[in-house]
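Below is one structure, written out as structure tokens, with a few remarks after it.
The values are calculated or read from the model by the stated rules, or taken from the named source; none is laboratory data. Computed from a prediction, not measured in an experiment: that's the story for all the values here. Here the Cβ positions follow ideal geometry from the backbone for every residue, glycine too, while neighbour counts run over all protein chains shown. Heavy atoms of the whole protein, side chains included, go into the accessibility calculation; ligands, DNA and RNA do not. Shrake-Rupley method; radii C 1.70, N 1.55, O 1.52, S 1.80 Å.
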4 protein chains.
Amino acid sequence: MWASAKILSAKLGVHGDGGGLGWYDRKPFPGLYRNAGPAWSDPNLRELTSQLESKLFFAHVRASTGAPNIFVNCHPFRCDSWLFMHNGQIGQFDKVKRALEQKLDDDSYQMRQGDTDSELIFALLCTNGLKRNPVQAIEATLDQILVHMRHAEVKAPFRATFAVADGKNIWAIRWSNDAHAPSLYQRQHCDHLLLASEPLDDIEENWREVPPNSIVHAQLNADGQIQMSQSFLFEKVA
Amino acid sequence: MWASAKILSAKLGVHGDGGGLGWYDRKPFPGLYRNAGPAWSDPNLRELTSQLESKLFFAHVRASTGAPNIFVNCHPFRCDSWLFMHNGQIGQFDKVKRALEQKLDDDSYQMRQGDTDSELIFALLCTNGLKRNPVQAIEATLDQILVHMRHAEVKAPFRATFAVADGKNIWAIRWSNDAHAPSLYQRQHCDHLLLASEPLDDIEENWREVPPNSIVHAQLNADGQIQMSQSFLFEKVA
Amino acid sequence: MWASAKILSAKLGVHGDGGGLGWYDRKPFPGLYRNAGPAWSDPNLRELTSQLESKLFFAHVRASTGAPNIFVNCHPFRCDSWLFMHNGQIGQFDKVKRALEQKLDDDSYQMRQGDTDSELIFALLCTNGLKRNPVQAIEATLDQILVHMRHAEVKAPFRATFAVADGKNIWAIRWSNDAHAPSLYQRQHCDHLLLASEPLDDIEENWREVPPNSIVHAQLNADGQIQMSQSFLFEKVA
Amino acid sequence: MWASAKILSAKLGVHGDGGGLGWYDRKPFPGLYRNAGPAWSDPNLRELTSQLESKLFFAHVRASTGAPNIFVNCHPFRCDSWLFMHNGQIGQFDKVKRALEQKLDDDSYQMRQGDTDSELIFALLCTNGLKRNPVQAIEATLDQILVHMRHAEVKAPFRATFAVADGKNIWAIRWSNDAHAPSLYQRQHCDHLLLASEPLDDIEENWREVPPNSIVHAQLNADGQIQMSQSFLFEKVA
């Protein structure tokens, strides 16, 4: 069994703007639980984490960068059997939001329920072929957003540490167009893999920091083993 | 596999004051999901019912008789491995609430989280030995409440159609001290049993009405078969 | 003093999908209170209606036609000093949503917080000059939506009984492109005016039904008197 | 005009467990707005603070010490024309809760809606004659709670920095039976008085710390002037 507890929260600051859980269990598509209140006081979240079992799950606590605290703005986001969650921000999002929304294909345009830059990144990933070629879609999407930001003369950074999964594979990206890519850590323990925005315990040697501008791919093989690979993004993304 | 979908809702009226789900799955104690909003617009409830599997579950939609719409007032209620949900009302509850609360043992007094007559009935059941002898505890509790209502000169009826379960057994009661015991129906289909406050489909022959003032006991045997028995309460309860 | 209690709710069906209040009091812009839960169990709404005083207010209870129950989807909607609320539906909204959103000017595009056809109608009104010439903007917007529906071969009706106000004036429209324009009633009593989707009491002679395809304009004069006018829309809107 | 913005929050820690507002305006009884979510993301709270005017208001953000995040557990609490809010904790509350609840008169017993030690303190104040003699009721209530804590052998401290008002008077208490009475500050500026658990700005000379174990009484006179007095509690409370 393996599990991805990628609790995306920054090292500083309160993440009380909603939380969510996505998990793959007995169905081909993942379950989704999202709540706009703080995770720390959500009795249902506590119940679910007592009952659910999953070989691959996403967990997220949100610190809003602007969009209101409603469940449709909470991560993870889902499209068919895919899950996505994000830590970071498209700087001055309002300046590029409309133009980027026009780049969506109709299915991705319709799938959005909320108003966040994060969900839009996911929708762009889907438009750009996430299900056929995830790595290529990630690169194309980062490029596309950068192009629009430049065109809109946005100086604020674009930070995108995120994870996307299809139930068998996780791609986790730590990336920014400035020097402050939101952190990403991994821990392998027996046949478990944890990817997290910050260490979940205080034992330093448990956790390896994923370097900025890199992508981690973890795949669950038929024998139950996890196969990992890591590469850099910066050469391809301008 | 068997399942008890006892959606306790009256034949008339809107049940938009919260909903809840209790289910026994992989753990010795049941999971609990409760939400103060209408069940019809709860995306998490829809998700959970897509993902969860259970041999015995409780589902409830609430129409408040006074207590506020907060999740702690939503059914089912849980005590250790036991679940309880209720349709009905202690008439003029305010007149007997304090005196009945004094009858609780300390554990049952502490276990309450909300403010409903329903939860108080469950707490009294626990105080009166539910876990040792459910039928005796049920009779003692109905009697006890009636005695306090008489003492407080309450004329409004006491109606109690409810279900209680321990994971292997369900006891379902249809009872009132007037002629309007809230309805209770059962349906057996293959090795499934459904107990519901009203038929879940329009096919009349699918459903058998449980007569007023009776108790149904359903037990899941080791061979996966359900053993049913039914008896009357009215002789014992005054 | 006058007051517009336009509780937009259909004659049938439960309106438990959120409620809202917009009121003009001591500030040039109206206050807004919106809650995604049922109005009947909202303690804050009860408090506010005990405390607030207003010469012009909007009240709305929502029955969703699809968009989720979150406060940003609750009426009234506000733009600067303007309020808007709506009863009805753009049939097969998904077929025209994207094309209509492209018709918005940038300010109106950004102002939207939610995902409803109602808010989009308001945003189109703003784009089409609501603040300069309300009646012309209303006609242009209805026309524009009809054109897009025809182009998308939508057969379902477009129904729009709505009210819009700027603090001194209310324009209330009862309109549909089929024979079932959602109802609209008015009551004048002393110097009070009530516009409501259905009568608020059972006394028939209190209420006058506004005929379909008409627009009511009520204006608060400097002397505190209300001046009313009524005209038809159907000649201008195709 | 005067205003009491007593935002009760400790100097450390996140207060994201609900917020509330009580205000005296045009009615003899105060309005109450309470919400179980974090104040920082509550759009209705922002609206209300833009619209409401009041000569005396209470504002509170909550950091739960155990009771669940539901609006009935949010401060301020109200009884008729009185408001109450609290910062602190009855140590090991579970050990004395039941015995203290038995001390309530029937009206105060019924008035409670939630489950907090704070609301119970207010209910005891009411039972002990708050409306006739506030200072005596405060002393009697602190004594009564201390007696029960000693009897239950509670070693954890009892901390009670709180404010109570009737619309014309505020009594603010900073008290603890250990050395860590939650802080209380006051600022007088023109004819405004602010009482707050911590300074609302960074200008040190604006704020005077109220010493531990003292009670501040502020009274709004007919001429609009505020009359202040301060005395100590420790001599009377054991």
Most mobile of B:47, B:153, B:119 in a GNM of chain B (Cα contacts under 10 Å): B:47
Shortest-first nm distances, residue D:156 label point to equivalent points in other copies (7 Å, Cα→Cβ): 3.6, 4.2, 5.4
Distance-filtered residues of the range D:63-83 - backbone nitrogen under 14 Å, label point 7 angstrom along residue D:105 Cα→Cβ: D:80
Residue B:105 - accessible surface, heavy atoms, 1.4 Å probe, Å² rounded to 10: 60 Å²
Solvent-accessible heavy-atom area per residue, rounded to whole Å², over chain A at 1.4 Å: 42 Å²
Carbon plus sulfur fraction of accessible area for the protein assembly as shown, probe 1.4 Å, in percent: 48 percent
Rg/Rh ratio calculated on Cα atoms of the range C:86-178 (Kirkwood radius): 0.94
Computed over the range B:182-238, Cα set: Rg, Dmax in Å: 12.7, 38
Chains B and D together, accessible area buried on both sides, 1.4 angstrom probe, square angstrom: 1400 Å²
Hz values of 3J(HN,Hα) by residue in the range D:202-216 - Karplus curve (6.51, -1.76, 1.60), Gly and Pro given as x: 9, 8, 4, 6, 5, 10, 10, 6, 7, x, x, 6, 10, 10, 10
Contact order relative to length of the range A:62-218, as percent, for alpha carbon pairs under 8 angstrom and 6 or more apart: 21 percent
Shortest-first nm distances, residue A:131 label point to equivalent points in other copies (7 Å, Cα→Cβ): 4.3, 5.0, 6.6
Principal-axis tilt of helix C:134-151 within chain C, Cα atoms, nearest 10 degrees: 40 degrees
Ranking by accessible area, most exposed first, for B:190, D:126 with a 1.4 Å probe: B:190, D:126
Chain C - charge dipole about Cα centre, Lys and Arg +1 at Cβ, Asp and Glu -1, debye rounded to 20: 320 debye
Radius 11 Å from Cβ of residue C:106, net charge of other residues (Lys, Arg +1; Asp, Glu -1): 0
With all protein chains modelled, accessible area of residue D:228 [1.4 Å, Å²]: 60 Å²
Share of alpha-carbon pairs per 10 Å distance bin for the range C:134-203, given as whole %: 16, 41, 29, 11, 2
For the range C:40-88 versus the range D:14-52, the gap between their alpha-carbon centres in whole angstrom: 17 Å
GNM top mover of B:75, B:60, B:189 - chain B, alpha-carbon springs below 10 Å: B:189
Estimated FRET transfer efficiency when R0 is 51 angstrom, pair residue B:229-residue A:188 (beta carbons, to 0.05): 0.40
Share of Cα-Cα pairs in the range B:1-123 lying beyond 17 Å, as whole percent: 57 percent
Positive minus negative residues near residue D:26 (Lys, Arg vs Asp, Glu; Cβ under 12 Å): -1
Per the axis that maps chain D onto chain B, nearest residue of D (Cβ criterion) and its distance in Å: D:70, 2
Separation of the residue D:156 and residue C:132 label points, Cα + 7 Å toward Cβ, nm: 6.5 nm
For residue A:102, inter-copy label distances in nm, listed shortest first [label point 7 Å out on the Cα-Cβ vector]: 0.9, 7.4, 7.5
Candidate aspartates and glutamates - alpha carbon under 13 Å from residue D:55, same-chain residues fewer than 8 apart omitted: D:25, D:166, D:191
Highest-fluctuation residue, B:37, B:16, B:66 considered, GNM on chain B with Cα pairs under 10 Å: B:66
Dipole magnitude of the protein assembly as shown about its Cα centre (Cβ charges: Lys, Arg +1; Asp, Glu -1), debye to nearest 20: 0 debye
Whole-angstrom gap from the range D:96-137 to the range A:98-122, using each part's C-alpha centre: 53 Å
Proximal charge balance of residue B:166 [Cβ under 10 Å; K/R count +1, D/E count -1]: +1
Isotropically averaged projected area of the range A:34-103, using the convex hull of Cα atoms (one quarter of hull area), nm²: 6.1 nm²
Whole-Å semi-axes of the ellipsoid equivalent to the protein assembly as shown (Cα gyration tensor, √5λ, descending): 42, 38, 35
For the range C:56-211, the Rg and Dmax computed from alpha carbons only, in angstrom: 15.5, 48
Residue C:168 - accessible surface, heavy atoms, 1.4 Å probe, Å² rounded to 10: 120 Å²
